[in-house]
Amino acid sequence: MSSHASDPGGAMLTVEGVTKTFTSGAEELHVLRGIDMDVRRGEIVAIVGPSGVGKSTLLHIMGALDHPTSGSVFIDSTDVFALPEVERAGFRNRTVGFVFQFHHLMRELTALENVMMPCLIAGMSGSAARARALEILEQVHLAPRAHHRPGELSGGEEQRVAVARALVNDPSVILADEPSGNLDRAGGKELHDLIWHLREELGQTFVIVTHNPELYERADRVVELREGTTVRI
């Protein structure tokens, strides 16, 4: 199991009073209006709701890719937006893994080299990064494909490389935005099974935005966003 620290209440990730307002000229669009939620260590939480309700915006704020207009996010009891910008970027690289619908792999690099990148960014030596990346590729059942480039992999394999890249720095939480949205049904099921395997094997925590009932019905908890203003748990 993962040895990640968590607060005494067991929360790995806490969102408190998060709002997000976008301004365009005189127009203000209130996308999130005071979101509160906790995610416990080892929990798989699905975020659902209609398109445009703010699910991806909330996920990006949780992962410190975007700033809230107000409110706080705590990961491993650290107040993420209280950190200076440079420290926050380093903290994000160490503690948050991201998986997107479109995997954003670097096409000219092999699977192994793609997975190594977050380790190298974190300052790990090349040999240590390589060993760690190979270990994670084994975990996602892709070690035999380590030296293939994305163009030589299936869509499902590419997304598993993206999951391996998200895992490689042993993050506190993985945030996934429609991770199976670009896969066929068989590839989607394989990815979903992998997520649950990683939770069982590593104690990994996941927050997943999805429209896919085959995914959210398996989650420990489903959080629904309605009109960007309320969360129903």
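Where a number appears in this text, it was derived from the coordinates with a stated rule and is not lab data. Keep in mind that what you see is a predicted model, and the values were worked out from it rather than measured. Cβ coordinates were reconstructed from backbone atoms using ideal geometry, including for glycine residues, and neighbour counts include every protein chain displayed.
Overview of values
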quantity	calculated
Relative contact order (%) - criterion: Cα under 8 Å, at least six apart; region: the chain	30 percent
Local net charge near ALA133, Cβ-Cβ under 11 Å (Lys/Arg +1, Asp/Glu -1)	0
Tilt relative to the chain, helix 185-202 - C-alpha long axis, 0 to 90 degrees, to 10	90 degrees
Surrounding net charge for ALA82, when Lys and Arg each add one and Asp and Glu each subtract one, Cβ distance under 15 Å	-3
Burial ordering of SER180, SER154, fewest other beta-carbon atoms within 10 Å first	SER154, SER180
Neighbour-count order for PHE206, PHE91, fewest beta carbons within 10 angstrom listed first	PHE91, PHE206
Least to most buried among MET106, MET116 (fewest other Cβ within 10 Å first)	MET106, MET116
Theoretical gain in end-to-end length, HIS148 to ARG33 [0.36 nm per residue, Cα-Cα removed]	36.9 nm
